[in-house]
Amino acid sequence: MWMTDSHLSRRALLRYGAYGAGAAALAGTAASWDRLTGADIPGRDDGSLVVATLGSAFDPAAVQALSAGFRKLHPDVPLRVNAVQAVDWSDFFAKILTQIAAGTAPDLVYVATEGVQLFAQRLGVPLDRWVRRDAAELREYFADVHPSLVESMMYEGSLHQLPVEFNAADMYLNRQVLNRAGAGFPPADWTRDDFTALLREMKRSSDSHFTPYFWTNRLWGGVVPWLFDNGTNLLAESRAPGGSWLWDTFYPAADRAGRGGGFRWTTPQATSARVEETYDYLASLIQEDLCTRPEGGNGTNLVGVFSTGRVGVTPAGGFWAGGLHLAGMKANAYDVQYFPRWRTQRMQFGAAGYAMLRTSKKQDAAWEFIKYAARKDVMTELFTANQTTPARRSMLTAGRYRETGPTRWQVFYDTLDKFPDTGPIPAPPQVAEVTDVLLKYTGTALASPRSVAPALRRMQGDLEQAMERAL
Amino acid sequence: MTNTQISAGRARSASAPPAVSVRPPARERGTRLLTALFLTPTIVGIVVFTVVPIVGSIVLSFFDWNVIDPPSFAGGANYREIASDSTVLVSFRNTLVFMVLAVALQLVIALSLALTLNGRMPGWLRSVFRSAFFFPLVLSAASISVVMKYLFNQDFGVVNWLIGLFGIAPVPWLTSEHGAMATVIIVYVWQQFGFSFLLFVGGLNNIPKEIHEAAALDGATGPRKHLAITLPLLSPTLLVASVVGIINALQVFEQPYVLTDGGPGDSTRTVVMVIYERAFEQLRFGEASAVGVLLFVLIMAVTAVQFRLSRRFVHYQ
């Protein structure tokens, strides 16, 4: 420390003046500069068309093929596929939103049903004008894709994505367990009571380490398919007006009947009699030891326990055929059937496609990529291992499922074709909160006896708050 | 600065004309510059990665921000919202219960093992145990939790299979409220106690043998020796272990997030989980920041109380 007299020398005055001027200049520069974003980092914004995909959705070879084919078709459009690693769709959307907040928004994002309305409402661009413009080119695509999948990608009358894959929740049954129980494979029109009776037979014929029915507590494939089956939903479901521009252009009268401008999920109805009845049914299965209390997560350990015969039945989609094959399960060791009929036999699905972000400065190029990714030859190259169900009906063939199974592979697309009321999981723009509330109170409702009604009352309150809250 | 310089300065200011600044000698200026140069990276790091985020969080807690739209000033609305939010309140309760149980268990296990290893034992065996106890700490908490989730699965887990060999019915480790909290604590303590254990081993080695020998001459043996001699002399280490343990426990996230996702219901939802969910899943960054600020205050308060109490219970040699 040095001593300073109360009066400054001329030199000191000049020095402090220079410091002050420097600081003021720095502050002024900082204040007048546009907000620095991640895009200002050298090398970040190289002018490429950036496509963000869920890291685990496609294998690296398929991504390379996807990129190479597009570059060949559009050599003037540099393309960068950014595979974002995430454990599930919710985690994926969180990471995409972080990129957007950092100023490095991609041009296209691979979005599943869980995020369709969130992206459409806040971030996305309707594809209507491009679809109208290229209608002739797209006619073949729409003729191959079920209208329910297309409708699930619409929001308030506009189309936001072209679906390229989907997964409906069907029932996978282990044939080894069925044989052990002396039970035949259930018919397509089996009922909920048939299902319960089958679980009891499986339980009787197995040891204490066996679980007849296993399910995971999540939005897709958790309690929701049972709600659909019982003719209800977590949120009141209706259709937005509009959309006739698309239906009239691409679908015959029979297919477009009753279609609208996309789904609306509004009033929570967790305390309705049918929702409570559904939870009571699942609670009764737990009480009877016919299924476990549902755990959270993505059911990664399920492949192992199903393929080794420690689980008899579980809900899953076409994506599981590839998973079971990789786990070493023979094509004829399992098979798939529709959900059993309760009040209805309506089933649920989730779909995915590319959403264009409104911040994109390359929207025409982005549209070219969307069209390219929906082509049959491109999808065939991308979806080789049966890790999902292609959205194009013509891609589901006996050859595709010969090695992996199941024998009844037609069930995957017939879930849409034979049950046209099969619909998407409820995913309003507030989907994150809705999912959190659903998972939380499903866990509570089924964690101990007689807790269904109180848990559903609390679920209703929290859902009402979530739906009232503007994003 | 030397006394001569101070005297010279005083003398000059008293007798000589004013308006003259006394500059330090060149060598001292060089030393100061060098000191500043060495400190700058640390200070810049602390400012950029600690001070700015803390101040930013406090400011953000008074705004509504969803990442997509610009932030809008909300006053104290976020704090009013979380004060009446049962999930937030339960998460604070869960975190406090977790902290008390996990830290107590961690300290007891670590201290017991350190005392055991401090006894007569071959050197190589002691090294093996030390490495084994410390090893879980170097592993990723998320990876451990994924593996533990398999082990504690009610139907297919190894743990229930093992206890089943003794005729015990399967325990719903992860799917019942008490079971889930107990499992999260077990997994956390298993991974974390190695740090406290190492601290205690170091602390025990620092206690002079002469004190134990003198105590033995006075007739103090076994538990009495530990209570009267070892623990008081180990109290500074205990303070450090408990402060670090409590701060870590109050920020627990990976284990409940992977093992139970906060469930069943809210039974294992912790404060940091709520911050993550509000911010990155529900895009309510203002509310998440408000919860973060409250956690920050809680950690500061608990730590302050610990240091206050340490004046009475911690004995330095």
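Could you tell me which numbered condition residue A:310 fails, if it satisfies all but one of (1) out of contact with any His (no Cβ under 8 Å at 6 or more places or on another chain); (2) touching a residue at least 40 places away in the same chain (Cβ under 8 Å)?
Residue A:310 satisfies every listed condition except (1).
Output the helices (runs of 4 or more DSSP H) that fall wholly within the stretch B:216-317 and possess 2 or more residues being at pLDDT below 95, or say none.
B:222-225, B:231-250, B:254-259, B:285-313
Where in the stretch A:306-404 are the helices (runs of 4 or more DSSP H), entirely inside, with at least 3 residues that are out of contact with any Pro (no Cβ under 6 Å at 6 or more places or on another chain) and in the same structural domain as residue A:145 (by TED's automatic domain parsing)?
A:363-373, A:376-382
Determine which single condition residue A:387 fails, assuming it passes every other condition in (1) crowded, with 17+ Cβ neighbours inside 10 Å; (2) within 13 Å of chain B (Cβ to nearest Cβ).
For residue A:387, the exception is condition (2).
On the given criteria, is residue A:419 touching a Ser or Thr at 6+ places or on another chain (Cβ under 6 Å) and over 30 Å from residue A:287 (Cα atoms)?
Here the answer is no, as residue A:419 does not meet what is asked.
State the number of residues belonging to the stretch B:63-80 that are surrounded by fewer than 17 Cβ atoms within 10 Å (Cβ to Cβ) and within 27 Å of residue B:265 (Cα to Cα).
2
Residue by residue through the stretch A:203-235, note down the ones that are within 14 Å of chain B (Cβ to nearest Cβ), over 18 Å from residue A:345 (Cβ atoms) and not aromatic (Phe, Trp, Tyr).
Listed by number, the residues that qualify are A:203, A:206, A:207, A:208, A:209, A:211, A:212, A:216, A:217, A:218, A:219, A:222.
Take the stretch B:149-182 and flag every residue that is under 21 Å from residue B:254 (Cβ atoms) and away from every other protein chain (no Cβ under 12 Å).
B:159, B:181, B:182 - these are the residues of the stretch B:149-182 that are under 21 Å from residue B:254 (Cβ atoms) and away from every other protein chain (no Cβ under 12 Å).
Which of the residues belonging to the stretch B:272-287 are farther than 19 Å from residue A:429 by Cβ and buried (at least 24 other Cβ atoms within 10 Å of the Cβ)? Walk me through it before giving the result.
Going through the stretch B:272-287, the residues farther than 19 Å from residue A:429 by Cβ turn out to be B:272-276.
Passing the criteria: B:274, B:275.
Identify the residue in the stretch A:257-281 that is part of a helix (DSSP H, G or I) and within 24 Å of the chain's Cα centre (by Cα) and, among all such residues, is nearest to residue A:121 (Cα to Cα).
So the residue we want is A:275.
Quick one: which helices (runs of 4 or more DSSP H) sit completely within the stretch A:134-211 and have at least 3 residues that are without any contact (Cβ under 8 Å) to a residue 24 or more places away in the chain?
Qualifying helices (runs of 4 or more DSSP H): A:192-204.
Scan the stretch B:83-106 for residues that are farther than 29 Å from residue B:194 by Cα and small (Gly, Ala, Ser) and report the count. Walk me through how you get there before you give the answer.
Residues of the stretch B:83-106 that are farther than 29 Å from residue B:194 by Cα, as a first pass: B:83-90.
Retained after the next criterion (residues that are small (Gly, Ala, Ser)): B:83-84, B:86.
Total satisfying the criteria: 3.
Test residue A:431 against the stated conditions and say whether it is more than 9 Å from chain B (Cβ to nearest Cβ), crowded, with 24+ Cβ neighbours inside 10 Å and under 21 Å from residue B:176 (Cβ atoms).
No; evaluated as a whole, the condition is false for this residue.
Any chance the stretch A:330-351 includes a residue that's at pLDDT below 95, over 26 Å from residue A:184 (Cβ atoms), surrounded by fewer than 19 Cβ atoms within 10 Å (Cβ to Cβ) and more than 17 Å from the chain's Cα centre (by Cα)?
No.
Among the numbered criteria (1) β-branched (Val, Ile, Thr); (2) more than 14 Å from chain B (Cβ to nearest Cβ); (3) closer than 26 Å to residue A:322 by Cα; (4) in a loop (DSSP other than H, G, I, E, B), which one does residue A:63 miss?
So the condition that residue A:63 fails would be (4).
Every residue, every condition in (1) of a type in the set (D, E, K, R); (2) over 24 Å from residue A:317 (Cβ atoms), yes or no:
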site: A:370; (1), (2): no, no
site: A:380; (1), (2): no, no
site: A:392; (1), (2): yes, no
site: A:396; (1), (2): no, no
site: A:415; (1), (2): no, no
site: A:450; (1), (2): yes, yes
site: A:457; (1), (2): yes, yes
site: A:460; (1), (2): no, yes
site: A:463; (1), (2): no, yes
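Can you name the number of the only condition in (1) modelled with pLDDT of 95 or more; (2) under 21 Å from residue B:269 (Cα atoms) that residue B:60 fails?
Going through the list (1) modelled with pLDDT of 95 or more; (2) under 21 Å from residue B:269 (Cα atoms), residue B:60 breaks only (2).
Every residue in the stretch A:75-100 that is among the hydroxyl-bearing types (Ser, Thr, Tyr) and over 16 Å from the mean Cα position of the chain (by Cα), please.
A:98
For the condition more than 30 Å from residue B:53 (Cα to Cα) and surrounded by fewer than 23 Cβ atoms within 10 Å (Cβ to Cβ), what is the one hit in B:236, B:264?
Matching residue, one of B:236, B:264: B:236.
Out of the stretch A:376-401, which residues are modelled with pLDDT under 95 and over 21 Å from residue A:67 (Cβ atoms)?
A:386
Which condition number in (1) within 14 Å of chain B (Cβ to nearest Cβ); (2) under 23 Å from the mean Cα position of the chain (by Cα); (3) modelled with pLDDT under 95 is the one that residue A:465 fails?
(2)
Filter the stretch B:117-132 down to the residues that are of a type in the set (Ser, Thr, Tyr) and loosely packed, with under 11 Cβ neighbours inside 10 Å and list them by number.
B:131
When you scan the stretch B:103-126, do you find a residue that is assigned to a loop (DSSP other than H, G, I, E, B) and modelled with pLDDT of 95 or more, even just one?
For the stretch B:103-126, residues assigned to a loop (DSSP other than H, G, I, E, B) and modelled with pLDDT of 95 or more: absent.
What's the total number of residues in the stretch A:79-112 that are basic (Lys, Arg) and modelled with pLDDT of 90 or more?
Here the count works out to 1.
Taking the stretch B:56-76, which residues are in contact with a strand residue (DSSP E or B) (Cβ under 8 Å, 6 or more places away or on another chain) and free of Cβ contacts under 8 Å to residues at least 60 places away in the same chain?
We begin by selecting, within the stretch B:56-76, every residue in contact with a strand residue (DSSP E or B) (Cβ under 8 Å, 6 or more places away or on another chain); these are B:62-65, B:71-74.
Of everything in the stretch B:56-76, those that are in contact with a strand residue (DSSP E or B) (Cβ under 8 Å, 6 or more places away or on another chain) and free of Cβ contacts under 8 Å to residues at least 60 places away in the same chain turn out to be B:72, B:73.
Check off (1) in contact with a Gly (Cβ under 6 Å, 6 or more places away or on another chain); (2) in the same structural domain as residue A:316 (by TED's automatic domain parsing) for residue A:175 and give me the number that stays unchecked.
(1)
Provide a single number: the residues in the stretch A:282-296 that are surrounded by 17 or more Cβ atoms within 10 Å (Cβ to Cβ) and of a type outside the set (A, V, I, L, M).
The number of residues fulfilling the criteria is 6.
The values are calculated or read from the model by the stated rules, or taken from the named source; none is laboratory data. These numbers come from a predicted model, not from an experiment. Using ideal geometry, Cβ is built from the backbone for each residue, glycine included, and neighbour counts are taken over all protein chains shown.
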